[in-house]
Ligand code: GLY
(Lines give C-alpha, C1' and ligand atoms only; values in the text may rest on other atoms or scores of the structure.)
Protein backbone atom coordinates (compact mmCIF):
# COMPACT_ATOMS: atom_id res chain seq x y z
CA UNK A 1 0.00 0.00 0.00
CA UNK A 2 1.26 3.53 -0.83
CA UNK A 3 1.95 5.84 2.13
CA UNK A 4 -0.04 9.04 2.71
CA UNK A 5 2.96 11.38 2.12
CA UNK A 6 3.53 9.61 -1.21
CA UNK A 7 -0.10 10.11 -2.30
CA UNK A 8 0.06 13.74 -1.18
CA UNK A 9 3.22 14.29 -3.21
CA UNK A 10 1.60 12.62 -6.24
CA UNK A 11 -1.50 14.84 -5.90
CA UNK A 12 0.63 18.00 -5.56
CA UNK A 13 2.78 17.15 -8.56
CA UNK A 14 -0.29 16.37 -10.71
CA UNK A 15 -1.82 19.67 -9.58
CA UNK A 16 1.38 21.54 -10.45
CA UNK A 17 1.45 19.95 -13.92
CA UNK A 18 -2.19 20.50 -14.79
CA UNK A 19 -1.53 23.54 -17.05
CA UNK A 20 1.62 22.20 -18.65
CA UNK A 21 1.51 20.32 -21.95
CA UNK A 22 2.23 16.63 -21.75
CA UNK A 23 5.90 15.92 -22.46
CA UNK A 24 6.29 16.09 -26.24
CA UNK A 25 6.61 12.79 -28.05
CA UNK A 26 9.49 13.01 -30.51
CA UNK A 27 7.81 14.11 -33.79
CA UNK A 28 7.48 11.30 -36.33
CA UNK A 29 9.78 11.93 -39.28
CA UNK A 30 8.08 13.28 -42.39
CA UNK A 31 8.99 10.90 -45.18
CA UNK A 32 8.57 11.73 -48.86
CA UNK A 33 7.33 9.41 -51.60
CA UNK A 34 9.21 6.09 -51.55
CA UNK A 35 10.02 3.90 -54.54
CA UNK A 36 11.96 0.70 -54.98
CA UNK A 37 13.17 1.13 -58.54
CA UNK A 38 13.09 4.57 -60.06
CA UNK A 39 11.78 8.07 -59.52
CA UNK A 40 11.16 11.48 -61.10
CA UNK A 41 10.61 14.60 -58.97
CA UNK A 42 9.60 17.76 -60.84
CA UNK A 43 7.51 20.90 -60.62
CA UNK A 44 4.43 19.25 -62.17
CA UNK A 45 2.75 15.91 -61.58
CA UNK A 46 2.13 15.52 -65.34
CA UNK A 47 5.85 15.87 -66.08
CA UNK A 48 6.90 13.46 -63.31
CA UNK A 49 4.32 10.92 -64.54
CA UNK A 50 5.47 11.18 -68.15
CA UNK A 51 9.09 10.71 -67.04
CA UNK A 52 8.14 7.60 -65.06
CA UNK A 53 6.08 6.27 -67.99
CA UNK A 54 9.26 6.38 -70.10
CA UNK A 55 11.25 4.65 -67.32
CA UNK A 56 8.64 1.90 -66.99
CA UNK A 57 8.86 1.29 -70.73
CA UNK A 58 12.53 0.46 -70.24
CA UNK A 59 13.91 3.90 -71.04
CA UNK A 60 16.79 5.19 -68.95
CA UNK A 61 17.14 8.45 -66.98
CA UNK A 62 18.36 10.23 -70.13
CA UNK A 63 15.30 9.19 -72.11
CA UNK A 64 13.16 10.35 -69.19
CA UNK A 65 15.07 13.66 -69.18
CA UNK A 66 13.95 14.41 -72.74
CA UNK A 67 10.30 13.64 -71.99
CA UNK A 68 10.24 15.40 -68.59
CA UNK A 69 11.94 18.53 -69.93
CA UNK A 70 9.42 18.83 -72.77
CA UNK A 71 6.45 17.98 -70.52
CA UNK A 72 7.46 20.87 -68.24
CA UNK A 73 7.49 23.13 -71.31
CA UNK A 74 3.86 22.13 -71.88
CA UNK A 75 2.43 22.08 -68.34
CA UNK A 76 4.72 24.57 -66.57
CA UNK A 77 5.27 27.40 -69.08
CA UNK A 78 6.38 29.63 -66.17
CA UNK A 79 9.85 28.07 -66.45
CA UNK A 80 9.66 24.86 -68.48
CA UNK A 81 10.68 25.75 -71.98
CA UNK A 82 11.76 25.33 -75.57
CA UNK A 83 12.80 28.99 -75.65
CA UNK A 84 15.34 28.92 -72.81
CA UNK A 85 18.28 26.83 -71.64
CA UNK A 86 19.67 24.79 -68.79
CA UNK A 87 22.23 22.43 -67.33
CA UNK A 88 22.30 18.69 -66.64
CA UNK A 89 24.70 16.84 -64.34
CA UNK A 90 24.77 13.05 -64.65
CA UNK A 91 26.21 9.94 -63.08
CA UNK A 92 25.79 6.70 -64.98
CA UNK A 93 25.17 3.29 -63.47
CA UNK A 94 28.91 2.66 -64.00
CA UNK A 95 29.91 5.74 -62.01
CA UNK A 96 30.92 7.89 -65.00
CA UNK A 97 30.07 11.53 -64.45
CA UNK A 98 29.53 14.47 -66.80
CA UNK A 99 27.64 17.67 -67.40
CA UNK A 100 25.78 19.23 -70.29
CA UNK A 101 25.65 23.00 -70.79
CA UNK A 102 22.68 24.04 -72.91
CA UNK A 103 22.73 27.60 -71.64
CA UNK A 104 21.57 30.36 -73.98
CA UNK A 105 24.17 32.52 -75.79
CA UNK A 106 24.33 36.21 -76.65
CA UNK A 107 23.40 36.80 -80.31
CA UNK A 108 26.14 37.64 -82.82
CA UNK A 109 24.89 41.23 -82.95
CA UNK A 110 25.00 41.68 -79.16
CA UNK A 111 27.17 44.50 -77.82
CA UNK A 112 28.70 45.15 -74.44
CA UNK A 113 26.68 48.35 -73.91
CA UNK A 114 23.44 47.32 -75.61
CA UNK A 115 21.38 48.04 -72.48
CA UNK A 116 22.92 51.48 -71.76
CA UNK A 117 21.69 54.85 -73.01
CA UNK A 118 24.03 57.43 -74.55
CA UNK A 119 24.85 58.76 -71.07
CA UNK A 120 25.83 55.27 -69.89
CA UNK A 121 22.73 54.71 -67.75
CA UNK A 122 21.49 51.13 -67.49
CA UNK A 123 18.04 50.71 -69.10
CA UNK A 124 17.10 47.67 -67.05
CA UNK A 125 13.73 46.94 -68.73
CA UNK A 126 15.52 46.31 -72.03
CA UNK A 127 17.40 43.30 -70.65
CA UNK A 128 14.29 41.89 -68.95
CA UNK A 129 11.28 42.33 -71.24
CA UNK A 130 10.78 41.93 -74.99
CA UNK A 131 12.89 40.69 -77.88
CA UNK A 132 16.20 42.37 -76.96
CA UNK A 133 16.25 40.41 -73.68
CA UNK A 134 16.26 37.05 -75.48
CA UNK A 135 19.38 34.89 -75.63
CA UNK A 136 19.78 32.23 -78.35
CA UNK A 137 17.79 29.27 -76.94
CA UNK A 138 19.64 26.07 -76.02
CA UNK A 139 17.00 23.68 -74.68
CA UNK A 140 16.21 21.83 -77.91
CA UNK A 141 19.93 21.37 -78.61
CA UNK A 142 20.21 20.10 -75.03
CA UNK A 143 17.59 17.35 -75.28
CA UNK A 144 18.95 16.17 -78.63
CA UNK A 145 22.53 16.12 -77.29
CA UNK A 146 21.42 14.02 -74.28
CA UNK A 147 19.42 11.69 -76.51
CA UNK A 148 22.23 11.21 -79.01
CA UNK A 149 24.92 10.47 -76.40
CA UNK A 150 23.04 8.62 -73.67
CA UNK A 151 19.44 7.88 -74.69
CA UNK A 152 18.11 4.48 -75.75
CA UNK A 153 14.51 4.88 -76.99
CA UNK A 154 13.57 6.62 -80.27
CA UNK A 155 12.88 10.36 -79.99
CA UNK A 156 9.35 9.93 -81.43
CA UNK A 157 8.53 7.56 -78.57
CA UNK A 158 9.84 10.04 -75.98
CA UNK A 159 7.88 12.95 -77.42
CA UNK A 160 4.62 11.03 -78.06
CA UNK A 161 3.18 11.42 -74.52
CA UNK A 162 4.29 15.05 -74.44
CA UNK A 163 2.54 15.82 -77.72
CA UNK A 164 -0.58 14.15 -76.32
CA UNK A 165 -0.32 16.32 -73.19
CA UNK A 166 -0.08 19.49 -75.27
CA UNK A 167 -2.99 18.40 -77.49
CA UNK A 168 -5.32 16.98 -74.79
CA UNK A 169 -4.41 19.63 -72.25
CA UNK A 170 -3.29 19.97 -68.65
CA UNK A 171 -5.36 21.10 -65.70
CA UNK A 172 -4.54 24.51 -64.19
CA UNK A 173 -3.63 24.39 -60.46
CA UNK A 174 -4.53 27.08 -57.90
CA UNK A 175 -0.96 28.38 -57.81
CA UNK A 176 -0.76 28.44 -61.60
CA UNK A 177 -4.07 30.29 -61.92
CA UNK A 178 -2.74 33.00 -59.60
CA UNK A 179 0.29 33.48 -61.83
CA UNK A 180 -1.76 33.61 -65.04
CA UNK A 181 -3.93 36.27 -63.43
CA UNK A 182 -0.86 38.24 -62.35
CA UNK A 183 0.82 38.18 -65.77
CA UNK A 184 -2.02 38.09 -68.38
CA UNK A 185 -2.08 41.87 -68.86
CA UNK A 186 1.75 41.97 -69.13
CA UNK A 187 1.66 39.28 -71.86
CA UNK A 188 -0.94 41.27 -73.77
CA UNK A 189 1.03 44.50 -73.45
CA UNK A 190 4.41 43.02 -74.44
CA UNK A 191 3.00 40.97 -77.33
CA UNK A 192 0.46 43.60 -78.40
CA UNK A 193 -2.14 40.86 -78.86
CA UNK A 194 -4.18 38.30 -76.96
CA UNK A 195 -2.91 34.73 -76.81
CA UNK A 196 -3.47 31.38 -75.12
CA UNK A 197 -2.16 32.76 -71.82
CA UNK A 198 -4.26 35.92 -71.71
CA UNK A 199 -7.60 34.09 -71.55
CA UNK A 200 -7.94 34.29 -67.76
CA UNK A 201 -7.81 30.54 -67.11
CA UNK A 202 -8.93 29.54 -63.63
CA UNK A 203 -7.92 26.63 -61.40
CA UNK A 204 -9.49 23.45 -62.78
CA UNK A 205 -9.60 24.72 -66.40
CA UNK A 206 -7.83 22.64 -69.05
CA UNK A 207 -5.25 24.32 -71.30
CA UNK A 208 -4.64 22.76 -74.71
CA UNK A 209 -1.69 24.09 -76.71
CA UNK A 210 -2.15 22.93 -80.31
CA UNK A 211 0.63 25.21 -81.61
CA UNK A 212 3.15 23.61 -79.22
CA UNK A 213 1.87 20.11 -80.10
CA UNK A 214 2.57 20.91 -83.77
CA UNK A 215 6.08 22.25 -82.98
CA UNK A 216 6.89 19.11 -80.97
CA UNK A 217 5.53 16.93 -83.76
CA UNK A 218 7.89 18.62 -86.24
CA UNK A 219 10.81 18.05 -83.83
CA UNK A 220 9.87 14.37 -83.52
CA UNK A 221 9.68 14.04 -87.34
CA UNK A 222 12.62 16.14 -88.47
CA UNK A 223 14.97 16.21 -85.49
CA UNK A 224 17.19 18.92 -84.00
CA UNK A 225 17.68 20.79 -87.29
CA UNK A 226 13.97 21.66 -87.34
CA UNK A 227 14.55 24.09 -84.46
CA UNK A 228 17.91 25.52 -85.54
CA UNK A 229 17.62 25.55 -89.35
CA UNK A 230 14.13 24.43 -90.37
CA UNK A 231 10.62 25.84 -90.49
CA UNK A 232 10.58 26.42 -86.71
CA UNK A 233 13.85 28.39 -86.95
CA UNK A 234 12.42 30.55 -89.73
CA UNK A 235 9.20 31.22 -87.85
CA UNK A 236 11.07 32.01 -84.63
CA UNK A 237 13.45 34.48 -86.27
CA UNK A 238 10.63 36.16 -88.21
CA UNK A 239 8.70 36.53 -84.94
CA UNK A 240 11.66 37.95 -82.99
CA UNK A 241 12.60 40.34 -85.76
CA UNK A 242 9.00 41.58 -85.97
CA UNK A 243 9.46 42.54 -82.30
CA UNK A 244 12.76 44.37 -83.03
CA UNK A 245 14.93 41.51 -81.82
CA UNK A 246 18.47 40.85 -83.11
CA UNK A 247 18.57 37.04 -83.23
CA UNK A 248 19.14 35.76 -86.78
CA UNK A 249 19.08 32.40 -88.56
CA UNK A 250 22.88 32.51 -88.36
CA UNK A 251 22.63 32.66 -84.54
CA UNK A 252 20.38 29.61 -84.40
CA UNK A 253 22.52 27.72 -86.89
CA UNK A 254 25.67 28.41 -84.82
CA UNK A 255 24.19 27.23 -81.49
CA UNK A 256 25.72 24.09 -79.95
CA UNK A 257 25.21 22.58 -76.50
CA UNK A 258 28.56 21.82 -74.76
CA UNK A 259 29.56 18.77 -72.74
CA UNK A 260 31.56 20.02 -69.76
CA UNK A 261 33.50 18.56 -66.89
CA UNK A 262 31.45 19.04 -63.73
CA UNK A 263 32.88 20.62 -60.58
CA UNK A 264 33.81 17.90 -58.10
CA UNK A 265 34.77 18.26 -54.44
CA UNK A 266 34.53 16.44 -51.12
CA UNK A 267 32.71 17.41 -47.93
CA UNK A 268 33.29 15.31 -44.80
CA UNK A 269 33.34 12.06 -46.77
CA UNK A 270 30.74 12.97 -49.44
CA UNK A 271 31.77 13.36 -53.08
CA UNK A 272 29.81 16.25 -54.57
CA UNK A 273 29.38 16.68 -58.33
CA UNK A 274 27.84 19.94 -59.51
CA UNK A 275 27.58 22.29 -62.47
CA UNK A 276 30.69 24.01 -63.72
CA UNK A 277 30.90 27.47 -65.39
CA UNK A 278 29.12 29.12 -67.11
CA UNK A 279 27.10 28.35 -64.01
CA UNK A 280 28.50 29.72 -60.79
CA UNK A 281 26.48 27.06 -58.93
CA UNK A 282 29.06 24.31 -58.49
CA UNK A 283 31.97 26.65 -57.78
CA UNK A 284 30.07 28.68 -55.15
CA UNK A 285 28.61 25.55 -53.54
CA UNK A 286 32.12 24.08 -53.33
CA UNK A 287 33.56 27.29 -51.89
CA UNK A 288 30.89 27.57 -49.20
CA UNK A 289 31.09 23.89 -48.23
CA UNK A 290 34.89 23.96 -48.08
CA UNK A 291 34.74 27.10 -45.89
CA UNK A 292 32.33 25.49 -43.40
CA UNK A 293 33.85 21.98 -43.47
CA UNK A 294 36.24 22.55 -40.52
CA UNK A 295 33.32 23.48 -38.23
CA UNK A 296 30.97 21.17 -36.32
CA UNK A 297 27.67 22.31 -37.80
CA UNK A 298 25.65 19.41 -36.37
CA UNK A 299 26.87 20.31 -32.89
CA UNK A 300 25.72 23.94 -33.37
CA UNK A 301 22.18 22.74 -34.28
CA UNK A 302 19.92 23.28 -37.28
CA UNK A 303 19.17 26.96 -37.97
CA UNK A 304 20.82 28.01 -34.69
CA UNK A 305 22.42 31.45 -34.45
CA UNK A 306 25.88 29.91 -34.77
CA UNK A 307 25.12 27.78 -37.83
CA UNK A 308 23.25 30.59 -39.62
CA UNK A 309 26.16 32.93 -38.89
CA UNK A 310 28.77 30.51 -40.18
CA UNK A 311 26.87 29.78 -43.40
CA UNK A 312 26.09 33.46 -44.03
CA UNK A 313 29.77 34.40 -43.64
CA UNK A 314 30.88 31.66 -46.03
CA UNK A 315 28.16 32.71 -48.49
CA UNK A 316 29.30 36.35 -48.28
CA UNK A 317 32.84 35.43 -49.24
CA UNK A 318 31.85 33.00 -52.02
CA UNK A 319 29.42 35.46 -53.66
CA UNK A 320 32.10 38.20 -53.58
CA UNK A 321 34.36 35.85 -55.56
CA UNK A 322 31.49 34.93 -57.88
CA UNK A 323 31.10 38.55 -58.93
CA UNK A 324 34.77 38.95 -59.73
CA UNK A 325 35.99 35.68 -61.16
CA UNK A 326 33.11 33.89 -62.84
CA UNK A 327 31.85 34.04 -66.42
CA UNK A 328 31.73 31.90 -69.56
CA UNK A 329 34.86 29.68 -69.48
CA UNK A 330 35.02 29.86 -73.30
CA UNK A 331 35.70 33.61 -72.92
CA UNK A 332 37.36 34.18 -69.53
CA UNK A 333 40.08 32.44 -67.57
CA UNK A 334 38.71 31.16 -64.24
CA UNK A 335 41.05 30.04 -61.42
CA UNK A 336 38.66 27.18 -60.71
CA UNK A 337 40.98 24.76 -58.93
CA UNK A 338 42.18 27.45 -56.55
CA UNK A 339 38.69 28.79 -55.88
CA UNK A 340 37.42 25.39 -54.72
CA UNK A 341 40.57 24.34 -52.86
CA UNK A 342 40.74 23.76 -49.12
CA UNK A 343 43.70 26.12 -48.69
CA UNK A 344 41.89 28.99 -50.37
CA UNK A 345 38.75 28.33 -48.28
CA UNK A 346 40.81 28.52 -45.09
CA UNK A 347 42.42 31.79 -46.20
CA UNK A 348 39.00 33.31 -47.03
CA UNK A 349 37.75 32.52 -43.50
CA UNK A 350 40.82 33.95 -41.72
CA UNK A 351 38.99 37.12 -40.68
CA UNK A 352 35.81 35.26 -39.62
CA UNK A 353 34.81 35.36 -35.97
CA UNK A 354 31.67 34.22 -34.14
CA UNK A 355 31.81 37.51 -32.18
CA UNK A 356 30.47 39.78 -34.94
CA UNK A 357 29.36 39.99 -38.58
CA UNK A 358 32.02 40.84 -41.16
CA UNK A 359 30.46 43.79 -43.07
CA UNK A 360 30.30 43.13 -46.82
CA UNK A 361 32.01 46.49 -47.34
CA UNK A 362 35.09 44.86 -45.80
CA UNK A 363 34.89 41.80 -48.06
CA UNK A 364 36.04 41.83 -51.66
CA UNK A 365 37.06 38.97 -53.86
CA UNK A 366 40.07 37.00 -52.66
CA UNK A 367 43.38 37.58 -54.33
CA UNK A 368 44.20 34.92 -56.87
CA UNK A 369 46.69 35.69 -59.57
CA UNK A 370 46.21 33.83 -62.82
CA UNK A 371 49.77 32.57 -62.52
CA UNK A 372 48.82 30.91 -59.21
CA UNK A 373 45.81 29.39 -60.76
CA UNK A 374 47.67 27.88 -63.80
CA UNK A 375 16.49 40.20 -55.07
CA UNK A 376 13.57 39.91 -54.70
CA UNK A 377 12.59 36.27 -54.43
CA UNK A 378 12.30 34.43 -57.68
CA UNK A 379 11.07 30.97 -58.56
CA UNK A 380 11.22 31.23 -62.29
CA UNK A 381 13.67 28.51 -63.04
CA UNK A 382 12.72 24.85 -62.55
CA UNK A 383 14.60 21.76 -61.43
CA UNK A 384 13.96 18.03 -61.71
CA UNK A 385 15.77 14.96 -60.46
CA UNK A 386 15.59 11.48 -61.99
CA UNK A 387 16.98 8.10 -60.92
CA UNK A 388 16.31 5.06 -63.10
CA UNK A 389 16.15 1.36 -62.34
CA UNK A 390 19.59 0.80 -63.94
CA UNK A 391 21.23 3.15 -61.43
CA UNK A 392 21.73 6.21 -63.67
CA UNK A 393 21.04 9.51 -61.90
CA UNK A 394 20.59 13.02 -63.25
CA UNK A 395 19.98 16.50 -61.88
CA UNK A 396 18.63 19.05 -64.38
CA UNK A 397 17.86 22.73 -63.92
CA UNK A 398 16.27 24.65 -66.79
CA UNK A 399 15.04 28.20 -67.14
CA UNK A 400 13.55 31.09 -69.05
CA UNK A 401 15.17 33.32 -66.37
CA UNK A 402 12.29 35.58 -65.23
CA UNK A 403 8.70 34.35 -64.87
CA UNK A 404 7.70 33.41 -68.44
CA UNK A 405 11.08 34.85 -69.50
CA UNK A 406 10.87 37.98 -71.63
CA UNK A 407 7.03 37.56 -71.65
CA UNK A 408 7.31 37.26 -75.44
CA UNK A 409 5.09 34.40 -76.54
CA UNK A 410 5.67 32.96 -80.01
CA UNK A 411 2.00 32.26 -80.63
CA UNK A 412 2.51 30.29 -83.82
CA UNK A 413 5.04 28.00 -82.11
CA UNK A 414 3.35 27.77 -78.70
CA UNK A 415 6.17 28.80 -76.32
CA UNK A 416 7.67 31.72 -74.38
CA UNK A 417 11.14 33.17 -75.04
CA UNK A 418 13.74 33.65 -72.31
CA UNK A 419 15.11 36.93 -70.92
CA UNK A 420 18.45 35.36 -70.09
CA UNK A 421 20.41 38.40 -71.36
CA UNK A 422 19.67 39.94 -67.94
CA UNK A 423 22.05 37.40 -66.39
CA UNK A 424 24.99 39.21 -68.03
CA UNK A 425 26.46 42.20 -66.23
CA UNK A 426 24.78 44.77 -68.46
CA UNK A 427 26.82 47.41 -66.68
CA UNK A 428 29.51 45.86 -64.49
CA UNK A 429 28.89 46.94 -60.89
CA UNK A 430 25.09 47.35 -61.35
CA UNK A 431 22.79 44.65 -59.92
CA UNK A 432 20.67 42.38 -62.14
CA UNK A 433 17.11 41.22 -61.31
CA UNK A 434 18.46 39.03 -58.51
CA UNK A 435 20.47 41.92 -57.01
CA UNK A 436 23.68 40.17 -58.11
CA UNK A 437 26.54 42.49 -58.94
CA UNK A 438 28.28 41.32 -62.07
CA UNK A 439 31.90 41.90 -62.95
CA UNK A 440 33.93 42.25 -66.13
CA UNK A 441 34.16 38.44 -66.42
CA UNK A 442 30.42 38.40 -67.15
CA UNK A 443 30.26 41.41 -69.51
CA UNK A 444 28.26 40.94 -72.75
CA UNK A 445 30.10 39.62 -75.82
CA UNK A 446 28.65 38.08 -78.98
CA UNK A 447 28.16 34.30 -78.62
CA UNK A 448 29.12 34.35 -74.94
CA UNK A 449 27.05 32.48 -72.33
CA UNK A 450 25.72 34.54 -69.44
CA UNK A 451 26.71 33.51 -65.90
CA UNK A 452 24.12 31.39 -64.10
CA UNK A 453 23.46 30.33 -60.51
CA UNK A 454 21.81 27.05 -61.44
CA UNK A 455 23.18 24.23 -59.28
CA UNK A 456 22.01 20.79 -60.41
CA UNK A 457 23.97 18.51 -58.06
CA UNK A 458 24.59 14.80 -57.56
CA UNK A 459 26.24 13.36 -54.46
CA UNK A 460 28.06 10.10 -53.90
CA UNK A 461 28.46 8.50 -50.47
CA UNK A 462 30.87 5.61 -50.03
CA UNK A 463 31.33 5.42 -53.79
CA UNK A 464 27.63 5.01 -54.63
CA UNK A 465 24.92 7.44 -55.72
CA UNK A 466 23.34 9.11 -52.67
CA UNK A 467 21.43 12.26 -53.64
CA UNK A 468 20.19 14.26 -56.65
CA UNK A 469 19.20 17.83 -55.79
CA UNK A 470 18.52 21.26 -57.27
CA UNK A 471 16.12 24.18 -57.24
CA UNK A 472 14.97 27.36 -58.94
CA UNK A 473 15.44 30.70 -57.17
CA UNK A 474 17.98 32.88 -59.04
CA UNK A 475 20.76 33.85 -56.70
CA UNK A 476 19.17 31.80 -53.87
CA UNK A 477 19.63 28.55 -55.80
CA UNK A 478 23.11 27.91 -54.45
CA UNK A 479 22.24 28.53 -50.80
CA UNK A 480 19.02 26.48 -51.02
CA UNK A 481 20.88 23.48 -52.44
CA UNK A 482 23.53 23.92 -49.73
CA UNK A 483 21.00 23.92 -46.88
CA UNK A 484 19.13 20.91 -48.27
CA UNK A 485 22.31 18.82 -48.39
CA UNK A 486 23.34 19.91 -44.89
CA UNK A 487 19.85 19.22 -43.52
CA UNK A 488 20.18 15.55 -44.47
CA UNK A 489 23.89 15.06 -43.82
CA UNK A 490 24.51 17.20 -40.73
CA UNK A 491 21.03 17.26 -39.18
CA UNK A 492 19.76 13.76 -40.00
CA UNK A 493 16.55 14.88 -41.70
CA UNK A 494 14.62 12.77 -44.20
CA UNK A 495 14.73 14.02 -47.79
CA UNK A 496 11.24 15.51 -47.48
CA UNK A 497 12.02 17.19 -44.14
CA UNK A 498 15.22 18.65 -45.60
CA UNK A 499 13.24 20.13 -48.49
CA UNK A 500 10.46 21.40 -46.21
CA UNK A 501 12.78 23.08 -43.67
CA UNK A 502 12.78 26.91 -43.60
CA UNK A 503 15.62 28.57 -45.48
CA UNK A 504 17.70 31.75 -45.33
CA UNK A 505 20.03 33.42 -47.84
CA UNK A 506 22.98 35.80 -47.98
CA UNK A 507 24.80 36.88 -51.17
CA UNK A 508 27.43 39.46 -50.10
CA UNK A 509 25.58 42.40 -51.65
CA UNK A 510 23.13 43.69 -50.59
CA UNK A 511 24.49 43.12 -47.08
CA UNK A 512 21.32 41.55 -45.67
CA UNK A 513 20.38 38.03 -44.60
CA UNK A 514 16.96 37.07 -45.98
CA UNK A 515 14.74 34.61 -44.09
CA UNK A 516 11.51 32.92 -45.10
CA UNK A 517 8.81 34.64 -43.02
CA UNK A 518 7.29 33.14 -39.86
CA UNK A 519 9.79 30.31 -39.89
CA UNK A 520 12.66 31.31 -37.61
CA UNK A 521 12.39 31.91 -33.83
CA UNK A 522 12.52 35.61 -32.91
CA UNK A 523 15.31 35.07 -30.32
CA UNK A 524 17.53 33.63 -33.08
CA UNK A 525 16.84 36.62 -35.33
CA UNK A 526 17.44 39.02 -32.41
CA UNK A 527 20.78 37.44 -31.55
CA UNK A 528 21.87 37.70 -35.20
CA UNK A 529 20.87 41.39 -35.23
CA UNK A 530 22.94 41.94 -32.11
CA UNK A 531 25.94 40.42 -33.86
CA UNK A 532 25.58 43.01 -36.64
CA UNK A 533 23.50 41.18 -39.28
CA UNK A 534 20.76 43.05 -41.11
CA UNK A 535 17.76 40.74 -41.05
CA UNK A 536 15.02 40.75 -43.70
CA UNK A 537 11.97 38.57 -43.06
CA UNK A 538 9.61 40.44 -45.40
CA UNK A 539 10.93 40.15 -48.93
CA UNK A 540 11.44 36.46 -49.55
CA UNK A 541 8.06 34.69 -49.21
CA UNK A 542 9.82 31.52 -50.26
CA UNK A 543 13.50 30.78 -50.82
CA UNK A 544 14.09 28.00 -53.35
CA UNK A 545 11.70 25.25 -54.45
CA UNK A 546 13.86 22.17 -54.12
CA UNK A 547 13.23 18.83 -55.82
CA UNK A 548 15.47 15.96 -54.77
CA UNK A 549 15.92 12.22 -54.50
CA UNK A 550 17.79 10.42 -51.71
CA UNK A 551 18.95 6.82 -51.85
CA UNK A 552 18.31 5.28 -48.44
CA UNK A 553 20.70 2.67 -46.95
CA UNK A 554 18.48 -0.25 -48.14
CA UNK A 555 18.42 1.13 -51.70
CA UNK A 556 14.88 2.58 -51.52
CA UNK A 557 14.54 6.02 -53.15
CA UNK A 558 12.96 8.84 -51.15
CA UNK A 559 11.64 11.85 -53.07
CA UNK A 560 11.64 15.34 -51.65
CA UNK A 561 9.09 17.43 -53.59
CA UNK A 562 8.88 21.02 -52.40
CA UNK A 563 5.70 21.95 -50.51
CA UNK A 564 6.25 25.52 -51.72
CA UNK A 565 4.99 24.61 -55.22
CA UNK A 566 2.92 21.96 -57.05
CA UNK A 567 6.00 19.74 -57.11
CA UNK A 568 5.43 15.99 -57.17
CA UNK A 569 7.54 12.86 -56.77
CA UNK A 570 6.43 9.83 -58.76
CA UNK A 571 8.18 6.47 -58.56
CA UNK A 572 7.66 2.76 -58.84
N1 GLY B 1 18.47 32.64 -64.79
C2 GLY B 1 18.84 32.25 -63.51
C3 GLY B 1 20.18 31.60 -63.48
O4 GLY B 1 20.62 31.08 -64.48
O5 GLY B 1 20.83 31.62 -62.48
For residues in region 470-527 being outside any helix (DSSP H, G or I) and within 16 Å of the ligand (Cβ to nearest atom), which is nearest to residue 388 (Cα to Cα)? 470
Reported set for region 393-427 where residues are more than 16 Å from the ligand (Cβ to nearest atom) and in contact with a strand residue (DSSP E or B) (Cβ under 6 Å, 6 or more places away or on another chain) is 393, 394, 409, 427
Residue that is under 20 Å from residue 401 (Cα atoms) and either surrounded by fewer than 24 Cβ atoms within 10 Å (Cβ to Cβ) or modelled with pLDDT of 95 or more (or both), where the choices are 116, 153, 100: 100
Would you tally the residues in region 368-391 being surrounded by fewer than 24 Cβ atoms within 10 Å (Cβ to Cβ) and either more than 16 Å from the ligand (Cβ to nearest atom) or at pLDDT 95 or above (or both)? 10
Please give the helices (runs of 4 or more DSSP H) falling wholly within region 214-261 in which 2 or more residues are exposed (fewer than 14 other Cβ atoms within 10 Å of the Cβ). 231-242, 249-254
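Does region 445-469 hold any residues that are over 17 Å from residue 393 (Cα atoms) and either surrounded by fewer than 24 Cβ atoms within 10 Å (Cβ to Cβ) or more than 14 Å from the ligand (Cβ to nearest atom) (or both), and which are they?
445, 446, 447, 448
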Whether any residue in region 493-500 is closer than 30 Å to residue 432 by Cα and surrounded by fewer than 24 Cβ atoms within 10 Å (Cβ to Cβ) is what I want to check. yes
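Which residues, taken from region 428-437, are more than 12 Å from the ligand (Cβ to nearest atom) and in a loop (DSSP other than H, G, I, E, B)?
Within region 428-437, 428, 429, 430, 435 meet the criteria.
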Residue check, residue 338 within 16 Å of the ligand (Cβ to nearest atom) and either touching a strand residue (DSSP E or B) at 6+ places or on another chain (Cβ under 6 Å) or at pLDDT 95 or above (or both): no
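The values are calculated or read from the model by the stated rules, or taken from the named source; none is laboratory data. In this text, all values refer to a predicted model and were calculated from it rather than measured experimentally. Here the Cβ is made from the backbone with ideal geometry for all residues, glycine too, and neighbour counts use every protein chain on show.
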